[in-house]
Structures are given as structure tokens and as C-alpha cells.
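Visitor: Take a look at this one; I'll ask things after.
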Amino acid sequence: MPEKIFNVIANKQFPAASGRTIKSLNPANTDDLVGIAPASGMADGDLAVKAARKAFETWRLFPAPRRGEIIFRAAEALLKAKDELGRLVTREMGKILSEGLGDVQEAVDMAFYMAGEGRRLDGQTVPSELFDKDCKSARVPIGVFALITPWNFPIAIPAWKIFPALIAGNTVVFKPSSFTPVCAAKLVDIIIAAGLPPGVLNIVHGAGDETGEYLATHHDVDGVSFTGSTAVGEKLARVCAGKDISCEMGGKNPIIVMDDARLDLAIEGALWAGFGTTGQRCTAASRVIVHEKVYDRFLKMFVAAAKTLKLGDGLAKGTQVGPLINETQMNKVLSYIEIGKKERANLVLGGNRKKDGAFRKGYFIEPTVFADVKPEMRIAQEEIFGPVVSLIKAKDLKDAIRIANNVAYGLSASIYTQDVNKSAIAERDLDAGIVYINAPTIGAEIQLPFGGTKKSGLGRREAGGRGGAIDMFTKWKVVYRDYSGRLQKAQIDKD
Ligand code: UN1
């Protein structure tokens, strides 16, 4: 049975004012209608922003440790619902069940972490240069936030934004991807049920270019946190000028494999980061840059291993690679495979849509490997967001790092080497927000800032505490208190 879901504004359910709806389909089998969600318009957005504005006046004064207690209860409830939610993630988004469960776990981790932040929202106290005067800086909430999230981590990424936004005292209008509305609705229900007052967390469903953009540019929204494509993020940053905006965007993440690397480990890592989540992660490794001395061996072993990956419905036992999220994404990936062939990269595995038998009603593409890819080819430069890995040959470490850095993105990067000196050079010189040594490009943990350089990130970092999400969702207020009873002039009263 499809789930009928609603907008939730001030803890009450509403259909879209227009009555319009969006269907959410299972990407492994489009006969399976997962849910029907509102296709919201301006009136729905206005109502939600109004509720969030009203709630901000009291939520910002609510003691942060007590906000933390509510978030702690949400964490426990999420953990309890992990199995059911994990299955829903797989059914609605397509990733395999173990990853669906991981998606929920990442939200649980974030909730527990942020619950604790309620007792740590610290600033500084420093001495004044004058007598009988004190100075401090304090974190204060920014106000009403529009949170706009993608479909590839339908529970985790919303949690990365919602929990830190709330702990810091902001109120939220959340616009999830229109491809995973049911996951988002369940997440919000659980968080609200943990004890949030009305209007603190509101959810408005709808399409990104319509509902999302309307909310982000709304005159009464103070901050925007967006995760999605670079094209949309850059556009939002332009149209939201003057607001507090942060965007997590695309990636073209490399794994470097040196001649001294443990090839078995590097292959396992490249398979996981290249084909895990069907390549639909902004941290996916879509380039593997291999030292020329081990290139032929790596290629042979990698292709042999990739050939064994089991494609299928993520809920079926043994599946290792699920479907693409929808037809548009599938066609985009297929068109990149054509581009790769035209560029004369060497297609050594896959390259096709699978639509026979059990694959008939889903969006499946075989794990695909291109060899002999030149660094300047489009398949080595542009984000594909699918199960397509390009192998590139490098002469030495310097050449590999140059190739790794020579793209428009800089989210995550990895190197496999047993040489501590080489790992130190890579750590220093890879231009990426996240660097992995002897581990693949995916698998960031929530207690550290997440985000990238260049076209991968804009504004502040997601996740983590100070230096990450707490910075994203607070601003500084500096307070000087003079208890001398006279006018004192900073910089001037010296004697
Ligand atoms: C994303 O790819 O959109 O590091 C987020 C990772 C996950 C988060 C990925 N923890 O791969």
C-alpha cells in the first residue's frame, strides 16, 4: 500500500493547498508505489515559514541542554525504528539494505552527537584592556532555516542538517527531495514525537526548482543549507545573496594506487567507493589513478572483481549494487557511457542498462569500467553519479596528485600506499576537504566536518561540531559589559 503523506506545519498535517501530489516509486520496481506526497506551492511555503518564524521566538530561549534532551529522545526513537526505516530507505531510494540501515545509523549518530552539543555551545571569555569591564563571545541561532536535501542519503543528510540547526536554537522548514518524500516524512514524525514544540520543525514537500527555490529565497528565511548538484547550489548561492547559505555539492573523487600499495586492499576499496550506493554518492570514487608499474595488474584484478558484483533489488539477499534512483539519472549515466566511448576510453566492463527479467521494471545499469582514460576526458572531469569508474595511469606520486587535483571539484580523495612519506605528501598536497589514507573516498564519520573545496562546497562545512555544523547554524554575538560606572574609551584611555 502506498503511504499517503502530508506537509507538517506547526505539528499539524496539511495537503498542498493546490491539492497537487507527487508519486514516489521504488526504483528497483516502478510498479511499487511507495507513497504519495504533496506538491507544495507558495501558499504552503508561506505557511511553514510563518510557523517557523513564530516558533523561533520561544525556541531560541529554550535552554540548549533541554533542546538536547529532546534530540536525545529522537536518537533513541530512530534507533528503535532503524530496521523499518532502513528497509524504507532501500525501497524508496534503491541502495542495498545494509546501506539503508547505515543511512539510518548515520542519523542516529548525528542525533546523539548533537544532543550532547546542547551542553557545549561554547564561546570565549577574554580579558578587556580596560578596568572593570568584561568581554565575551556567544553563539546565537541564525533564525529560520530552509534545509534542502537530496535523495541519495534520504535519512542521514536531513539529520546532518536538522539536528545541529535545532540544537543551536534555529527553527526549520525542511524541503526533502521529491524522490524520497516518505523517508523524510517518517524522520520528521519521529523527531517531532520526541517532544518538539509546534513550528520548530516543519516539512514541506515538493520539487526542488519550485518549492525548494521558493523557500530558499523567501524573504523571511534567514539561512539556507543545501546538499545537491553544483549547478543548483551555485544558482541558489546567487539568488540567496544576503542569506546565510552553505552548499554541499558534487565530487569527482580520486583513489590513488601507488606501486607499493596492497593491491587487494586497494581493489576492495575502489569497488566499495566506485559501486557502493550504485556510485550515487557525492563522495563516490569515480576515478582510480594507478601507478604505471602496477596498472596492468590492477586493471585485470579490478575488472575481475567488479564482474562478480551482484546487481539487483537492494532488498534481495546477496545484492551488492542496486538501481539508479530514476529514469533521468539513469539516462544521464548512460549518456556519459556514450561520451566515454566517443572519447575513445577503453570500455572494459559493463556499459549497458539491464532490463531483462527481474530488471524489467527498474533503473539498472551494469557496473561499468573504463580503462586508459585520459585525465582531460569528460568522463574523468565531470560528475557522473552512477556505477562508472575510470582508470587513469600515472607515472609517479607527483603525477598522480597533479591528475587528482586537476578537476573542478575537491570533496574527498584517497591514496593507497605502504610508504609513510608518500602518505604524508598526499595528505598535504591533495586538494580536497577530506583525505583518506589506505581507505576509500567514502565513509566519513559525523563527528568531523564534511565538505569540499572548489566546486564541491560553498559556505560552511556540514557535520562535525566547531569548524563544522555548529558554525553553519550559529553566528557570533560579542558582548562588552562595563561595570566601572564611567565612560571608558578603548584604544584611547591608556594611562
Ligand atoms: C554523500 O555522498 O552525499 O562519507 C554523503 C560518506 C557518507 C556520506 C556521503 N558518510 O560517504
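The values are calculated or read from the model by the stated rules, or taken from the named source; none is laboratory data. What you are looking at is a predicted structure, and each value in this text was computed from that prediction instead of being measured. Positions of Cβ are generated from backbone atoms using ideal geometry, with glycine treated the same way; all protein chains shown enter the neighbour counts. Only protein heavy atoms, including side chains, enter the accessible area calculation; ligands, DNA and RNA are left aside. Shrake-Rupley method; radii C 1.70, N 1.55, O 1.52, S 1.80 Å.
Visitor: Using just the C-alpha positions of the range 253-437 as equal point scatterers, what log10 of I(q)/I(0) does the Debye formula give at each q in 0.10, 0.13, 0.14, 0.18 1/Å?
Guide: The Cα Debye sum returns log10 ratios of -0.36, -0.61, -0.70, -1.14.
Visitor: As an exercise, use a Förster radius of 60 Å and the Cβ-Cβ distance of Asp493 and Lys374 to find the FRET efficiency, rounded to the nearest 0.05.
Guide: FRET efficiency, Asp493 to Lys374: 0.35.
Visitor: Given Cβ point charges of +1 (Lys, Arg) and -1 (Asp, Glu) and nothing else, what value in debye, to the nearest 20, does the dipole of the range 387-495 about its Cα centre take? Don't skip to the answer; put the middle values down first.
Guide: Values: 17 positive and 12 negative charges, 80 e Å.
For the range 387-495, the charge dipole is close to 380 debye.
Visitor: Once the Cα atoms of helix 420-429 and of the chain are each reduced to a long axis, what angle between those two axes, in degrees from 0 to 90 to the nearest 10, is obtained?
Guide: Roughly 60 degrees, rounded to the nearest 10.
Visitor: Which aspartates and glutamates, on any chain, are close to Lys422 with Cα under 13 Å apart, when same-chain ones fewer than 8 places away are left out?
Guide: Asp259, Asp260, Asp396, Asp399
Visitor: Based on alpha-carbon centroids, what's the gap between the range 1-45 and the range 421-452 in Å, whole number please?
Guide: 38 Å
Visitor: Expressed as a whole percentage, what fraction of the accessible surface of the range 253-437 belongs to carbon and sulfur atoms when a 1.4 Å probe is rolled over the protein heavy atoms?
Guide: Details: 3810 of 7750 Å².
For the range 253-437, the apolar C and S fraction of the accessible surface comes to 49 percent.
Visitor: Which of Ala408, Gly322, Val389 sits farthest toward the positive end of the charge dipole of the range 253-437, with +1 on the Cβ of Lys and Arg and -1 on the Cβ of Asp and Glu?
Guide: Checking the options against the dipole of the range 253-437, the answer is Gly322.
Visitor: Please compute the volume of the convex hull spanned by the alpha-carbon atoms of the chain and report it per residue in Å³.
Guide: It is 161 Å³ per residue.
Visitor: If each of Gln124 and Asn421 carries a label point 7 Å out from its Cα toward its Cβ, how far apart are those two points in nm?
Guide: The modelled label-to-label distance comes out at 3.9 nm.
Visitor: Using a 1.4 angstrom probe, figure out how much accessible area the range 119-173 has per residue, in square angstrom, rounded to the nearest whole.
Guide: On a per-residue basis, the range 119-173 sits at 33 Å².
Visitor: Further question on the same structure: Can you compute the FRET efficiency between Glu327 and Arg87 using 1/(1 + (r/R0)^6), with r the Cβ-Cβ distance and R0 = 22 Å? Round to the nearest 0.05.
Guide: The formula returns an efficiency of 0.40 here.
Visitor: If I fit a long axis through the Cα atoms of helix 181-193 and take the longest principal axis of the Cα atoms of the chain, what angle between them do I get, 0 to 90°, rounded to 10?
Guide: Helix 181-193 and the main axis of the chain meet at about 30 degrees.
Visitor: Would you mind estimating how fast the range 322-417 diffuses translationally, via Stokes-Einstein at 25 °C and 0.890 mPa s with the Kirkwood radius over Cα pairs, in µm²/s?
Guide: Result for D is 170 µm²/s.
Visitor: I would also like to ask the following. Would you mind checking the pairs Lys332/Lys393; Lys82/Lys355; Lys175/Lys243; Lys307/Lys393; Lys12/Lys186; Lys12/Lys95 and listing those with alpha carbons more than 23 angstrom apart?
Guide: Lys332/Lys393; Lys82/Lys355; Lys12/Lys95
Visitor: Any chance you could tell me what percent of the C-alpha pair distances in the range 372-495 go past 24 Å?
Guide: Values: 3516 of 7626 pairs.
The proportion of pairs with Cα distances above 24 Å equals 46 percent.
Visitor: Still on this structure, I have one more. Show which aspartates and glutamates lie in cross-link reach of Lys354 when reach means a straight Cα distance below 15 angstrom and same-chain residues fewer than eight apart are skipped.
Guide: Asp313, Glu327, Glu366
Visitor: Something else: If I take all pairs of Cα atoms in the range 263-330, what percentage of them are more than 19 Å from each other?
Guide: Roughly 38 percent, once rounded to a whole number.
Visitor: What is the calculated FRET efficiency for Asp46 to Lys475, with r their C-beta to C-beta distance and R₀ = 30 Å, to the nearest 0.05?
Guide: The value I calculate is 0.75.
Visitor: Through the Karplus equation 6.51 cos²θ - 1.76 cosθ + 1.60, θ set to phi - 60°, convert the phi angles of the range 398-413 into ³J(HN,Hα) values in whole Hz; use x for Gly and Pro.
Guide: These are the phi-based 3J(HN,Hα) values: 4, 4, 5, 5, 4, 5, 4, 7, 8, 9, 6, 9, x, 8, 10, 8 Hz.
Visitor: Using alpha-carbon positions, what is the distance between the centroids of the range 209-224 and the range 89-168, in Å?
Guide: 20 Å
Visitor: For a quick protection proxy, order the peptides 387-394, 137-144 by their average other-Cβ count within 10 Å, most packed first.
Guide: 387-394, 137-144
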